[in-house]
Amino acid sequence: MSHANTCSFDKNYLSNATILFIENNDKIRFETSEIFSALFKNVLVAKEVDEAIRVYLENRTNIDIILTDVDFANYKAIEILTQIRTLDWDVPILITTSFSDMNILVRAIKFNLTNYIVKPIQLNTTLKIMSEVMKRKQQKKELAAKNNELRQFMAILDSCNIICEMDLEFKITSANDAFLINSEFGLDELIGMKFNDNQIFKSSEMADTKIMEMLKKGKTWVGLSKKLTKQGTNYYTHSTILPIFFNDGRIKKYIEFSTLISKYENEVLSLRKHIYLLKSENLKTNTKLKNEKEYYSELAVKLQEQVDENVNNAQKILFELYELKKQNKELKEKLKMQESRFEEFQATMLSGA
(Lines give C-alpha, C1' and ligand atoms only; values in the text may rest on other atoms or scores of the structure.)
Protein backbone atom coordinates (compact mmCIF):
# COMPACT_ATOMS: atom_id res chain seq x y z
CA MET A 1 0.00 0.00 0.00
CA SER A 2 1.38 3.39 -0.97
CA HIS A 3 1.20 6.31 1.47
CA ALA A 4 0.74 9.88 0.25
CA ASN A 5 2.77 12.63 1.86
CA THR A 6 0.04 15.28 1.96
CA CYS A 7 -3.54 15.17 3.22
CA SER A 8 -5.99 16.04 0.46
CA PHE A 9 -9.21 15.04 2.20
CA ASP A 10 -11.48 16.50 4.90
CA LYS A 11 -11.14 14.49 8.10
CA ASN A 12 -14.28 16.01 9.56
CA TYR A 13 -16.55 14.08 7.21
CA LEU A 14 -14.85 10.79 8.15
CA SER A 15 -14.67 11.39 11.91
CA ASN A 16 -18.46 11.13 12.25
CA ALA A 17 -18.87 8.10 9.97
CA THR A 18 -18.98 4.33 10.49
CA ILE A 19 -17.31 2.25 7.78
CA LEU A 20 -17.70 -1.44 6.97
CA PHE A 21 -14.36 -2.62 5.56
CA ILE A 22 -14.38 -6.02 3.82
CA GLU A 23 -10.99 -7.35 2.72
CA ASN A 24 -9.83 -10.91 2.04
CA ASN A 25 -6.08 -10.16 2.26
CA ASP A 26 -4.94 -10.31 5.90
CA LYS A 27 -2.05 -7.87 5.55
CA ILE A 28 -4.04 -5.23 3.68
CA ARG A 29 -7.02 -5.66 6.02
CA PHE A 30 -4.89 -5.23 9.15
CA GLU A 31 -2.84 -2.23 7.94
CA THR A 32 -5.76 -0.40 6.39
CA SER A 33 -8.16 -0.96 9.32
CA GLU A 34 -5.50 0.42 11.68
CA ILE A 35 -5.37 3.64 9.67
CA PHE A 36 -9.16 3.78 9.35
CA SER A 37 -9.50 3.47 13.12
CA ALA A 38 -7.63 6.76 13.55
CA LEU A 39 -9.90 8.57 11.10
CA PHE A 40 -13.40 7.07 11.30
CA LYS A 41 -15.80 7.15 14.22
CA ASN A 42 -16.19 3.38 14.04
CA VAL A 43 -14.60 0.71 11.84
CA LEU A 44 -16.32 -2.64 11.25
CA VAL A 45 -14.08 -5.28 9.68
CA ALA A 46 -14.88 -8.55 7.89
CA LYS A 47 -12.77 -11.09 6.00
CA GLU A 48 -15.13 -13.66 4.50
CA VAL A 49 -18.44 -13.24 2.67
CA ASP A 50 -20.62 -14.82 5.39
CA GLU A 51 -18.91 -12.74 8.07
CA ALA A 52 -19.38 -9.58 6.01
CA ILE A 53 -23.09 -10.26 5.54
CA ARG A 54 -23.53 -11.00 9.26
CA VAL A 55 -21.70 -7.81 10.33
CA TYR A 56 -23.73 -5.77 7.89
CA LEU A 57 -27.07 -7.20 9.08
CA GLU A 58 -26.15 -6.55 12.72
CA ASN A 59 -25.04 -2.95 12.11
CA ARG A 60 -26.76 -1.81 8.92
CA THR A 61 -28.63 1.09 10.54
CA ASN A 62 -25.33 2.58 11.73
CA ILE A 63 -23.17 1.97 8.65
CA ASP A 64 -22.47 5.12 6.60
CA ILE A 65 -20.13 3.76 3.93
CA ILE A 66 -18.86 0.37 2.73
CA LEU A 67 -15.46 -0.44 1.22
CA THR A 68 -15.35 -4.03 -0.04
CA ASP A 69 -12.96 -6.23 -1.92
CA VAL A 70 -14.57 -8.04 -4.87
CA ASP A 71 -11.71 -10.42 -5.63
CA PHE A 72 -13.39 -13.37 -3.93
CA ALA A 73 -13.47 -16.86 -5.43
CA ASN A 74 -16.57 -17.96 -7.30
CA TYR A 75 -17.92 -14.42 -7.52
CA LYS A 76 -18.77 -14.46 -3.83
CA ALA A 77 -18.61 -10.65 -3.74
CA ILE A 78 -21.88 -10.58 -5.69
CA GLU A 79 -23.57 -12.25 -2.71
CA ILE A 80 -22.44 -9.37 -0.47
CA LEU A 81 -23.68 -6.72 -2.91
CA THR A 82 -26.98 -8.57 -3.44
CA GLN A 83 -27.68 -8.81 0.32
CA ILE A 84 -26.83 -5.16 0.93
CA ARG A 85 -28.77 -3.77 -2.01
CA THR A 86 -31.80 -5.89 -1.15
CA LEU A 87 -32.03 -3.98 2.14
CA ASP A 88 -30.51 -0.60 1.24
CA TRP A 89 -30.13 0.76 -2.27
CA ASP A 90 -28.56 4.08 -1.24
CA VAL A 91 -25.74 3.33 1.21
CA PRO A 92 -22.46 4.25 -0.55
CA ILE A 93 -20.45 1.21 -1.68
CA LEU A 94 -16.87 1.45 -2.96
CA ILE A 95 -15.12 -1.63 -4.30
CA THR A 96 -11.44 -2.50 -4.50
CA THR A 97 -10.27 -4.70 -7.33
CA SER A 98 -7.10 -5.81 -9.08
CA PHE A 99 -8.99 -6.25 -12.37
CA SER A 100 -7.86 -9.88 -12.52
CA ASP A 101 -11.37 -10.73 -13.69
CA MET A 102 -13.28 -8.07 -15.64
CA ASN A 103 -16.49 -10.10 -15.42
CA ILE A 104 -16.82 -9.44 -11.67
CA LEU A 105 -16.61 -5.68 -12.27
CA VAL A 106 -19.20 -5.81 -15.04
CA ARG A 107 -21.57 -7.78 -12.81
CA ALA A 108 -20.95 -5.50 -9.80
CA ILE A 109 -21.68 -2.24 -11.62
CA LYS A 110 -25.43 -2.92 -11.72
CA PHE A 111 -25.51 -2.73 -7.88
CA ASN A 112 -25.33 1.08 -7.85
CA LEU A 113 -21.65 1.32 -6.97
CA THR A 114 -20.41 4.69 -5.78
CA ASN A 115 -16.86 4.25 -7.05
CA TYR A 116 -14.11 1.70 -7.53
CA ILE A 117 -10.49 1.72 -6.38
CA VAL A 118 -7.70 -0.14 -8.15
CA LYS A 119 -5.30 -2.22 -6.08
CA PRO A 120 -2.79 -1.56 -4.69
CA ILE A 121 -4.79 1.05 -2.79
CA GLN A 122 -3.48 4.61 -2.76
CA LEU A 123 -4.49 5.55 0.77
CA ASN A 124 -4.67 9.32 0.34
CA THR A 125 -6.70 8.97 -2.87
CA THR A 126 -9.02 6.42 -1.24
CA LEU A 127 -9.62 8.64 1.79
CA LYS A 128 -10.24 11.62 -0.48
CA ILE A 129 -12.84 9.67 -2.45
CA MET A 130 -14.56 8.51 0.75
CA SER A 131 -14.41 12.04 2.20
CA GLU A 132 -16.13 13.40 -0.91
CA VAL A 133 -18.72 10.63 -0.73
CA MET A 134 -19.47 11.42 2.93
CA LYS A 135 -19.56 15.14 2.11
CA ARG A 136 -22.19 14.56 -0.59
CA LYS A 137 -24.12 12.26 1.73
CA GLN A 138 -24.05 14.89 4.49
CA GLN A 139 -25.15 17.58 2.06
CA LYS A 140 -27.93 15.34 0.80
CA LYS A 141 -29.04 14.71 4.39
CA GLU A 142 -28.96 18.43 5.19
CA LEU A 143 -30.87 19.21 2.00
CA ALA A 144 -33.49 16.59 2.88
CA ALA A 145 -33.80 18.10 6.36
CA LYS A 146 -34.17 21.61 4.89
CA ASN A 147 -36.72 20.39 2.36
CA ASN A 148 -38.66 18.74 5.17
CA GLU A 149 -38.53 21.96 7.20
CA LEU A 150 -39.60 23.87 4.11
CA ARG A 151 -42.56 21.52 3.57
CA GLN A 152 -43.57 21.91 7.20
CA PHE A 153 -43.15 25.67 6.96
CA MET A 154 -45.19 25.83 3.77
CA ALA A 155 -47.86 23.64 5.37
CA ILE A 156 -48.04 26.04 8.31
CA LEU A 157 -48.16 29.04 5.98
CA ASP A 158 -50.81 27.37 3.86
CA SER A 159 -52.99 26.68 6.91
CA CYS A 160 -52.63 30.20 8.35
CA ASN A 161 -52.34 32.41 5.29
CA ILE A 162 -54.08 33.42 2.08
CA ILE A 163 -51.62 32.42 -0.65
CA CYS A 164 -51.46 32.87 -4.39
CA GLU A 165 -48.69 32.43 -6.94
CA MET A 166 -48.20 34.69 -9.95
CA ASP A 167 -46.17 34.50 -13.14
CA LEU A 168 -43.80 37.19 -14.40
CA GLU A 169 -46.77 39.19 -15.73
CA PHE A 170 -48.39 39.07 -12.27
CA LYS A 171 -51.15 36.77 -13.47
CA ILE A 172 -52.40 34.31 -10.88
CA THR A 173 -51.29 30.74 -11.59
CA SER A 174 -52.46 29.07 -8.36
CA ALA A 175 -54.18 29.88 -5.06
CA ASN A 176 -54.74 27.97 -1.84
CA ASP A 177 -58.09 27.15 -0.23
CA ALA A 178 -57.95 30.18 2.09
CA PHE A 179 -57.68 32.50 -0.92
CA LEU A 180 -60.61 30.80 -2.63
CA ILE A 181 -62.76 30.88 0.51
CA ASN A 182 -62.15 34.56 1.24
CA SER A 183 -62.37 35.76 -2.36
CA GLU A 184 -65.38 33.50 -3.12
CA PHE A 185 -63.87 32.80 -6.58
CA GLY A 186 -63.24 29.38 -8.02
CA LEU A 187 -59.69 28.47 -8.95
CA ASP A 188 -60.61 28.33 -12.63
CA GLU A 189 -61.96 31.90 -12.35
CA LEU A 190 -58.82 33.21 -10.68
CA ILE A 191 -56.29 31.63 -13.03
CA GLY A 192 -55.09 34.32 -15.43
CA MET A 193 -56.39 37.27 -13.42
CA LYS A 194 -53.79 39.83 -12.35
CA PHE A 195 -53.19 40.37 -8.65
CA ASN A 196 -54.24 44.03 -9.08
CA ASP A 197 -57.39 43.25 -11.08
CA ASN A 198 -60.24 45.50 -9.93
CA GLN A 199 -62.41 42.42 -9.48
CA ILE A 200 -60.23 41.12 -6.65
CA PHE A 201 -58.02 44.05 -5.67
CA LYS A 202 -59.26 47.46 -4.60
CA SER A 203 -56.46 49.44 -2.99
CA SER A 204 -53.31 49.30 -0.90
CA GLU A 205 -50.97 51.61 0.94
CA MET A 206 -48.91 51.94 -2.27
CA ALA A 207 -49.91 52.23 -5.91
CA ASP A 208 -50.00 48.83 -7.60
CA THR A 209 -47.64 50.00 -10.36
CA LYS A 210 -45.00 50.89 -7.76
CA ILE A 211 -45.50 47.52 -6.07
CA MET A 212 -44.84 45.74 -9.36
CA GLU A 213 -41.77 47.89 -10.01
CA MET A 214 -40.38 46.91 -6.60
CA LEU A 215 -41.01 43.22 -7.24
CA LYS A 216 -39.43 43.32 -10.70
CA LYS A 217 -36.27 44.70 -9.04
CA GLY A 218 -36.20 41.66 -6.76
CA LYS A 219 -37.49 43.48 -3.69
CA THR A 220 -40.26 42.40 -1.31
CA TRP A 221 -43.40 44.44 -0.67
CA VAL A 222 -45.18 44.35 2.70
CA GLY A 223 -48.32 46.32 3.53
CA LEU A 224 -52.07 46.48 4.01
CA SER A 225 -54.40 45.86 1.10
CA LYS A 226 -58.12 46.05 0.55
CA LYS A 227 -59.58 43.28 -1.59
CA LEU A 228 -62.97 42.47 -3.07
CA THR A 229 -64.89 39.22 -2.99
CA LYS A 230 -66.80 37.90 -5.97
CA GLN A 231 -69.94 39.41 -4.43
CA GLY A 232 -68.29 42.83 -4.14
CA THR A 233 -67.78 42.96 -0.37
CA ASN A 234 -64.51 44.17 1.11
CA TYR A 235 -61.99 42.21 3.12
CA TYR A 236 -58.65 43.44 4.41
CA THR A 237 -55.30 41.65 4.46
CA HIS A 238 -51.78 42.25 5.64
CA SER A 239 -49.84 41.10 2.59
CA THR A 240 -46.27 40.12 1.77
CA ILE A 241 -45.41 39.75 -1.92
CA LEU A 242 -41.95 38.43 -2.77
CA PRO A 243 -40.11 37.20 -5.85
CA ILE A 244 -38.91 33.58 -6.12
CA PHE A 245 -35.59 33.17 -7.95
CA PHE A 246 -33.89 30.57 -10.11
CA ASN A 247 -30.41 29.47 -9.05
CA ASP A 248 -28.89 31.90 -11.58
CA GLY A 249 -30.67 34.88 -9.94
CA ARG A 250 -33.46 35.31 -12.49
CA ILE A 251 -36.98 35.80 -11.12
CA LYS A 252 -39.06 32.66 -11.52
CA LYS A 253 -42.41 33.78 -10.10
CA TYR A 254 -44.05 35.86 -7.38
CA ILE A 255 -45.88 34.67 -4.26
CA GLU A 256 -48.28 36.63 -2.06
CA PHE A 257 -48.72 35.61 1.58
CA SER A 258 -51.64 37.42 3.22
CA THR A 259 -53.12 37.42 6.70
CA LEU A 260 -56.81 38.18 7.00
CA ILE A 261 -57.39 41.24 9.20
CA SER A 262 -61.04 42.05 8.38
CA LYS A 263 -62.12 41.25 11.94
CA TYR A 264 -59.39 43.43 13.39
CA GLU A 265 -60.08 46.16 10.85
CA ASN A 266 -63.72 46.31 12.01
CA GLU A 267 -62.54 46.41 15.59
CA VAL A 268 -60.13 49.20 14.74
CA LEU A 269 -62.87 51.15 12.96
CA SER A 270 -65.18 50.63 15.94
CA LEU A 271 -62.43 51.73 18.30
CA ARG A 272 -61.69 54.77 16.16
CA LYS A 273 -65.40 55.68 16.19
CA HIS A 274 -65.50 55.27 19.98
CA ILE A 275 -62.41 57.45 20.35
CA TYR A 276 -63.97 60.05 18.05
CA LEU A 277 -67.13 60.10 20.17
CA LEU A 278 -65.07 60.42 23.33
CA LYS A 279 -63.09 63.26 21.81
CA SER A 280 -66.32 64.93 20.68
CA GLU A 281 -67.88 64.57 24.13
CA ASN A 282 -64.66 65.77 25.72
CA LEU A 283 -64.64 68.79 23.44
CA LYS A 284 -68.26 69.58 24.35
CA THR A 285 -67.47 69.20 28.05
CA ASN A 286 -64.39 71.39 27.76
CA THR A 287 -66.37 74.02 25.86
CA LYS A 288 -69.11 73.95 28.51
CA LEU A 289 -66.57 74.20 31.31
CA LYS A 290 -64.84 77.04 29.53
CA ASN A 291 -68.12 78.89 29.13
CA GLU A 292 -69.01 78.29 32.77
CA LYS A 293 -65.56 79.46 33.82
CA GLU A 294 -65.98 82.65 31.80
CA TYR A 295 -69.47 83.17 33.28
CA TYR A 296 -68.30 82.71 36.85
CA SER A 297 -65.28 84.90 36.19
CA GLU A 298 -67.54 87.67 34.94
CA LEU A 299 -69.89 87.10 37.89
CA ALA A 300 -66.98 87.26 40.31
CA VAL A 301 -65.89 90.56 38.77
CA LYS A 302 -69.42 91.96 39.12
CA LEU A 303 -69.71 90.75 42.69
CA GLN A 304 -66.35 92.28 43.50
CA GLU A 305 -67.49 95.55 41.96
CA GLN A 306 -70.70 95.38 44.00
CA VAL A 307 -68.73 94.63 47.17
CA ASP A 308 -66.38 97.50 46.46
CA GLU A 309 -69.33 99.80 45.82
CA ASN A 310 -71.08 98.64 48.99
CA VAL A 311 -67.92 99.21 50.99
CA ASN A 312 -67.61 102.70 49.56
CA ASN A 313 -71.27 103.39 50.31
CA ALA A 314 -70.88 102.04 53.84
CA GLN A 315 -67.88 104.26 54.42
CA LYS A 316 -69.80 107.23 53.06
CA ILE A 317 -72.77 106.46 55.31
CA LEU A 318 -70.48 106.07 58.31
CA PHE A 319 -68.89 109.42 57.54
CA GLU A 320 -72.32 111.08 57.17
CA LEU A 321 -73.44 109.45 60.41
CA TYR A 322 -70.34 110.75 62.13
CA GLU A 323 -71.09 114.27 60.85
CA LEU A 324 -74.72 114.03 62.00
CA LYS A 325 -73.62 112.83 65.43
CA LYS A 326 -71.19 115.75 65.57
CA GLN A 327 -73.91 118.24 64.54
CA ASN A 328 -76.34 116.68 67.04
CA LYS A 329 -73.77 117.10 69.79
CA GLU A 330 -73.29 120.76 68.90
CA LEU A 331 -77.07 121.33 68.82
CA LYS A 332 -77.40 119.67 72.21
CA GLU A 333 -74.72 121.96 73.62
CA LYS A 334 -76.43 125.02 72.10
CA LEU A 335 -79.79 123.86 73.47
CA LYS A 336 -78.30 123.35 76.85
CA MET A 337 -76.80 126.87 76.78
CA GLN A 338 -80.15 128.35 75.73
CA GLU A 339 -81.93 126.47 78.50
CA SER A 340 -79.40 127.80 80.97
CA ARG A 341 -79.88 131.36 79.71
CA PHE A 342 -83.67 130.96 79.84
CA GLU A 343 -83.48 129.84 83.42
CA GLU A 344 -81.27 132.81 84.29
CA PHE A 345 -83.67 135.15 82.52
CA GLN A 346 -86.65 133.70 84.30
CA ALA A 347 -84.94 133.99 87.64
CA THR A 348 -84.12 137.63 86.95
CA MET A 349 -87.68 138.37 86.04
CA LEU A 350 -89.03 136.80 89.19
CA SER A 351 -86.65 138.66 91.41
CA GLY A 352 -87.59 142.04 89.84
CA ALA A 353 -91.20 141.44 90.33
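The values are calculated or read from the model by the stated rules, or taken from the named source; none is laboratory data. All values derive from a computational prediction rather than experimental measurement. Cβ atoms come from the backbone with ideal geometry, glycine included; neighbour counts cover every protein chain shown. Please note that ligands, DNA and RNA were not included when accessible areas were found on the heavy atoms of the full protein model with its side chains. Shrake-Rupley method; radii C 1.70, N 1.55, O 1.52, S 1.80 Å.
Computed values, structure above
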| read-out | value |
| --- | --- |
| Candidates K252, K288, K316 - the one that is open to solvent by 90 Å² or more (accessible area, probe 1.4 Å), part of a strand (DSSP E or B) and at pLDDT 80 or above | K252 |
| Residue that is modelled with the highest pLDDT, among those in the range 98-122 that are touching a helix residue (DSSP H, G or I) at 6+ places or on another chain (Cβ under 6 Å) and part of a strand (DSSP E or B) | N115 |
| Matching entry among L20, L39 (being in contact with a helix residue (DSSP H, G or I) (Cβ under 7 Å, 6 or more places away or on another chain) and open to solvent by 20 Å² or more (accessible area, probe 1.4 Å)) | L39 |
| Boolean, K336 is modelled with pLDDT of 80 or more, open to solvent by 100 Å² or more (accessible area, probe 1.4 Å) and in a helix (DSSP H, G or I) | yes |
| Condition check for K146: among the charged types (D, E, K, R) and more than 22 Å from E31 (Cα to Cα) | yes |
| Top-ranked residue of the range 41-95 - restricted to ones that are modelled with pLDDT of 90 or more and among the small types (G, A, S), ranked as farthest from I121 (Cα to Cα) | A52 |
| Residues that are open to solvent by 50 Å² or more (accessible area, probe 1.4 Å), part of a loop (DSSP other than H, G, I, E, B) and of a type outside the set (A, V, I, L, M), drawn from the range 168-208 | E169, E184, N198, Q199, E205 |
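Conditions tested, residue by residue: (1) among the aliphatic types (A, V, I, L, M); (2) surrounded by fewer than 18 Cβ atoms within 10 Å (Cβ to Cβ); (3) in contact (Cβ under 8 Å) with a residue 12 or more places away in the chain; (4) under 15 Å from D167 (Cβ atoms).
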site: K210; (1), (2), (3), (4): no, yes, no, no
site: T220; (1), (2), (3), (4): no, yes, yes, no
site: L224; (1), (2), (3), (4): yes, yes, yes, no
site: K227; (1), (2), (3), (4): no, no, yes, no
site: K230; (1), (2), (3), (4): no, yes, yes, no
site: N234; (1), (2), (3), (4): no, yes, yes, no
site: I241; (1), (2), (3), (4): yes, no, yes, yes
site: F245; (1), (2), (3), (4): no, yes, yes, yes
site: D248; (1), (2), (3), (4): no, yes, no, no
